[in-house]
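**Student:** Starting off with a structure, shown below.
No lab work stands behind these numbers, since they all come straight from the coordinates. These numbers come from a predicted model, not from an experiment. Neighbour counts run over all protein chains shown; Cβ positions are idealised from the backbone, glycine included.
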Amino acid sequence: MQIQAFIFDFDGVLVDSERVHWRLYQEVLGPLGLGFTWEEYTAKSIALHDVGCIRAVADERGKALSDSEFARLVARKA
């Protein structure tokens, strides 16, 4: 059988997965006191990839993360 079509869903076009991402951030960052509201997420972080979002939230809240802690958080969110 020859493939005649291919559907590619760039995150959020066909399936709105942003709330899933936000919930995962809460699971990963919440225990460190870095949780944020849905409104904060949509206003500041929705367009960022995991690395950018975690870095932005930590920087905004004045939380210094070691390279190993940062890598662990990014891996855990993924």
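**Student:** Might you report the magnitude of the Cβ-based charge dipole of the stretch 32-71 about its Cα centre, with Lys and Arg at +1 and Asp and Glu at -1, to the nearest 20 debye?
**Tutor:** 60
**Student:** By count of other Cβ within 10 Å, fewest leading, how are L24, L34 ordered?
**Tutor:** L24, L34
**Student:** OK, next. At most 12 other C-beta atoms within 10 Å and a DSSP loop state: those are the exposed chymotrypsin sites (Phe, Trp or Tyr not before Pro) I care about. Give me the longest piece of the chain that has none.
**Tutor:** Formally, the longest exposed-site-free interval is 11-78.
**Student:** For the chain, report the convex hull volume of the alpha-carbon atoms normalised per residue, in Å³, without decimals.
**Tutor:** Considering the Cα atoms of the chain, their hull volume per residue is 116 Å³.
**Student:** If you don't mind, another one. So how tilted is helix 18-29 from the main axis of the chain? Cα-based, degrees 0 to 90, rounded to 10.
**Tutor:** The two axes meet at around 30 degrees.
**Student:** A follow-up question, please. Less than 10 Å Cβ to Cβ from E27, Lys/Arg counted +1 and Asp/Glu -1: what total charge do the surrounding residues give? Numbers along the way, then the final one.
**Tutor:** Working: positive: R23, R76, K77; negative: none.
Net charge around E27: +3.
**Student:** A further question follows. Counting other beta carbons within 10 Å of each residue's own, what order do H49, H21 fall into, fewest first?
**Tutor:** H49, H21
**Student:** Note the angle between two axes, namely the Cα long axis of helix 67-77 and the longest principal axis of the Cα atoms of the chain, as a number of degrees from 0 to 90, rounded to the nearest 10.
**Tutor:** 40
**Student:** Can you tell me how much longer the chain between I3 and Q26 gets when fully stretched, taken as 0.36 nm per residue apart minus their C-alpha distance, in nm with one decimal? All intermediate terms of the calculation are to be shown ahead of the outcome.
**Tutor:** Working: separation 23, 0.36 × 23 = 8.28 nm, distance 3.95 nm.
Difference between extended and current length: 4.3 nm.
**Student:** Still on this structure, I have one more. Between F6, T37, A64, whose Cα lies farthest towards the positive end of the dipole of the chain when Lys and Arg beta carbons carry +1 and Asp and Glu beta carbons carry -1, centred on the Cα centre?
**Tutor:** Final value for the positive-end residue is A64.
**Student:** Where does the chain land at 222 nm, in deg cm²/dmol rounded to the nearest 500, when only DSSP H runs of n ≥ 4 count, each adding -39500 (n - 2.57), divided by all residues?
**Tutor:** -13500 deg cm²/dmol
**Student:** May I pose another question? Loop only per DSSP, at most 11 neighbouring Cβ atoms within 10 Å: give me the trypsin sites (Lys or Arg not before Pro) in the stretch 1-73, ordered by residue number. Write down the numbers at each step before the final one.
**Tutor:** Numbers: sites: R19, R23, K44, R55, R61, K63, R72; in loops: R61, K63.
Loop-located and lightly packed - none at all.
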